[in-house]
1. Using only DSSP helix segments of four residues or longer, with each worth -39500 (n - 2.57), what per-residue ellipticity at 222 nm results for the chain after dividing by its residue count and rounding to 500?
2. Considering Cα pairs under 8 angstrom that are at least six residues apart, work out the relative contact order of the chain and quote it in whole percent.
3. If Rh is defined by the Kirkwood formula over all Cα pairs and Rg also comes from Cα, what ratio Rg/Rh do you get for the chain?
4. Tell me the per residue accessible area of the chain using a 1.4 Å probe; a whole number in Å² is fine.
5. Under 15 Å from the Cβ of residue 18, count the other residues' Cβ atoms, weight Lys and Arg +1, Asp and Glu -1, and hand me the total.
6. How large, in percent, is the carbon and sulfur part of the accessible surface of the chain at a probe radius of 1.4 Å?
7. Net charge near residue 74: determine it from the other residues with C-beta under 11 Å of the C-beta of residue 74, scoring Lys and Arg +1 and Asp and Glu -1.
Amino acid sequence: MGNLTIHAGLVNGDLMPIINDDKTSSEIVEAFTGDDTGAPPRSVTITVITDSGKKVEIYIPNSNANTSVMVDGKSI
């Protein structure tokens, strides 16, 4: 079981699951990259810059390890 979920917010207020927390990190990486990329990816990183200028990075390893989050280079 992973520690990441991704949902789409629907106009009726419901949430549609895109990635459920029953997926491993490696299954999530494969969902983003596919399984025919040549050299296998080591990870997927999602980066967001907030309105206040903070840099938030979500790191999803291509392994069974948990997803991690960093804010301005510091792990939280």
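The values are calculated or read from the model by the stated rules, or taken from the named source; none is laboratory data. Computed from a prediction, not measured in an experiment: that's the story for all the values here. Here Cβ is always computed from backbone atoms with ideal geometry, including for glycine, and neighbour counts include all displayed protein chains. Each accessible area value is taken on the protein alone, full model and side chains, heavy atoms only, with ligands, DNA and RNA left out. Shrake-Rupley method; radii C 1.70, N 1.55, O 1.52, S 1.80 Å.
1. Numbers: 1 runs with 9 residues, N = 76.
Result for the chain: -3500 deg cm²/dmol, rounded to the nearest 500.
2. 26
3. Numbers: Rg = 13.9 Å, Rh = 13.6 Å.
Ratio value, two decimals: 1.02.
4. Values: 5450 Å² over 76 residues.
On a per-residue basis, 72 Å².
5. Values: positive: 23; negative: 14, 21, 22, 27, 30.
Spelling it out: positives minus negatives among the neighbours equals -4.
6. Details: 2830 of 5450 Å².
Here it works out to 52 percent.
7. Details: positive: 54, 55; negative: 57, 72.
Surrounding charge for residue 74 is 0.
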